[in-house]
Amino acid sequence: MDAVCPTAVATTAASAAVAERNVLRLGARDLHVIAEPGDIVIRCTGGAAWVTQAGVADDVVLEPGGSVRPRAAGKVIVQPLTRAATLSIEPR
């Protein structure tokens, strides 16, 4: 993964996730892990994605226009719920 998304530590899938600037494109079998999210906002711009964070009881489903601000600590996992999902990961 490019240094464009420095908090991203792992992406697994048959088709790799593509990071352009702060844009994350995930395919149907992709999984994106953010080990130390810091102060960020994850926004969905296409498709739908499931977001979960270690130590947080409630998971979030993001659809276009939706966003979530994870806690600064605790691994975050993002996985598409549709064939593909496009998200932006930006500092808050």
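Tell me the residue from G65, G55, G38 that is touching a residue at least 40 places away in the same chain (Cβ under 8 Å), over 12 Å from the mean Cα position of the chain (by Cα) and loosely packed, with under 15 Cβ neighbours inside 10 Å, please.
G38
So which strands (runs of 3 or more DSSP E) are wholly in segment 46-92 and hold at least 2 residues that are within 19 Å of E36 (Cα to Cα) and either in contact with an Asp or Glu (Cβ under 7 Å, 6 or more places away or on another chain) or modelled with pLDDT of 95 or more (or both)?
Result: 49-53, 76-80, 84-91.
Among the residues in segment 20-32, are any outside any strand (DSSP E or B), buried (at least 17 other Cβ atoms within 10 Å of the Cβ) and at pLDDT below 95?
No; the residues of segment 20-32 include none that is outside any strand (DSSP E or B), buried (at least 17 other Cβ atoms within 10 Å of the Cβ) and at pLDDT below 95.
The values are calculated or read from the model by the stated rules, or taken from the named source; none is laboratory data. Note that the structure is a prediction, hence the values are computed from the model and not measured. Quick reminder, even Gly has a Cβ in these numbers, built from the backbone with ideal geometry, and neighbours come from all protein chains shown.
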